[in-house]
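Okay, structure first, notes after.
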Amino acid sequence: MPNLMLLCPNCHGIVDKNNGEAYSVEELSRLKAEHEIWTAGLRKAGQTWKMSYSSIDYLNVPRVAMLPGGDVVQQAAQRAGLDPTRPFSGQGFAPGIFVGTVRPVFESWRERAVPLDEARLPAVEQGMYVAFSASMRSRNTSSQSPHLSFRLGGRTVIVRYDPKWLTTSTAGSDLVSAETEQVTYAGIGLVVGTSVDMVRVSALFFGKPQTPEGGLMKHLLQGGRETARTLAVSDFETGLPSRGSEFRPPGTPRDPNNDDVAVALHFNELEVYPGQIERETFRQLMRVVPEFRRNLTVAIGTLFILPTPTGPPKPFHIAAALLGGAPKVWSTHSIDGLGTLLANAEVAFALVHGVRRGELDDIHQALLDGSESYLGAVEVNLRRPAHQHFYEVNPRYRLVEADLRLLYSAMEYYGELSDWDHRPHDLLTEWEGEEVFKSVSWEEDKEQSAADIRRAETEVSEWIAMMDRGDAAAE
């Protein structure tokens, strides 16, 4: 609420003293705004950061390797034949191979950093990791103290770097050019000092971010001409943000953020044990979705990339088909980022039907905070052929308020030829033992049961027809 300001008893007494003469409405509003910006900055410090790059220009391998998830950088260096303890210069072709290998790593990087923008600038403090992306100039490239600089919120941001960790000679030449004309760089650094007019950052890595135009061109060069017919430059922007839903009084226009949608929550299948995806998904859904609004179905599946008559499909083409084109879908992935995941990980998913579009950001953030195997999410529209192909799986669970329903169909109850119960009752006992839900029970998926019955009737009709043809041939 804009006019609500919660204070401790001591501060309440100070503000109210002498009928509030010491603090005007304007002064209280300013203090409230400053506090909200500060707390927002601290909350955002828990968000993961990732970026699509056209080039990685600077990478301090030893420092990045010490970060959570930085071992993948160390492994990429070793695969490229690079000695990660030595500067790049003097190691032949290995740095170039390394840069080509490590660039996709930052498509799915999970390092946490505060986005360095004007709104969060007051919350930035020494010791924070910050993510920066801005048009900037380079300074002192030929001296002992080279750095990048740009203006933000009335302050100068200085990004220091050690030139021995520049990845290529081209990167060095570009920094020399940036002394006379601005260049956009993005990366992560550690705040080493702040003052009223300056923020000093020690860079861990930076490079030139991939532009939407560059992303489309790269897709075309990789042979994606067929999917490119349905794509636009805007499809290669880094994710389509959703917005929080709000209460809509009667008679006001419909808010699309209150629409029920389906979302696929992606996980690294090689890093989960049986049932872990369901447990992590249920836990965060129960945190984010209000109990009175919970009527959600959940299915578990894997993004299988099966060969086609012309060979295996390329992961980046699949990503373009899932995320590009119309209608637009919300996603935490870029096309490059999802393509990188499909190329380098076994991706499983939990498909959740019935969440509101305005809840998607919160579910994503909750899973980032609570799951090491979570990779990101995409809104699913089963009217799109690519979504139908990869995400059309039968629901196995229904979450209703605080109750869990295990869904079964006629086939599972009766079996194919017999009438005994084929339901895995040990699963019911297992979920009851979790003590998370108010109750756990079986529920028939009537739609799937009807499909089972139709399929069984078709199979019986075909069998009878085959027998009749056999009898006729024998006569």
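The values are calculated or read from the model by the stated rules, or taken from the named source; none is laboratory data. These numbers were taken from a predicted model, which means no experiment stands behind them. A quick note on method: Cβ atoms are made from the backbone with ideal geometry, for glycine too, and the neighbour counts reach across all protein chains shown. With ligands, DNA and RNA removed, areas are computed over all heavy atoms of the protein, side chains included. Shrake-Rupley method; radii C 1.70, N 1.55, O 1.52, S 1.80 Å.
Numbers for the structure displayed
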{"quantity": "Label-point separation in nm, Val15 to Ser89, each point 7 Å along Cα→Cβ", "calculated": "5.8"}
{"quantity": "Debye intensity ratio in log₁₀ form over the Cα atoms of the range 291-423, taken at each q of 0.16 Å⁻¹", "calculated": "-0.95"}
{"quantity": "Accessible carbon and sulfur surface of the range 321-475 relative to its total accessible area, %, 1.4 Å", "calculated": "49"}
{"quantity": "Relative contact order of the range 323-475, defined on C-alpha pairs under 8 angstrom at six or more residues apart (%)", "calculated": "17"}
{"quantity": "Among Gln182, Phe150, Val201 - extreme Cα towards positive end, dipole of the range 147-208, charges at beta-carbon", "calculated": "Val201"}
{"quantity": "Residue-normalised accessible area of the range 339-467, given per residue in Å² at a 1.4 Å probe", "calculated": "54"}
{"quantity": "Signed unit charges on C-beta, dipole axis of the range 346-475, positive-most listed residue Phe349, Val380, Ala366", "calculated": "Val380"}
{"quantity": "Per residue, the convex hull volume that the Cα atoms of the range 69-196 enclose (Å³)", "calculated": "124"}
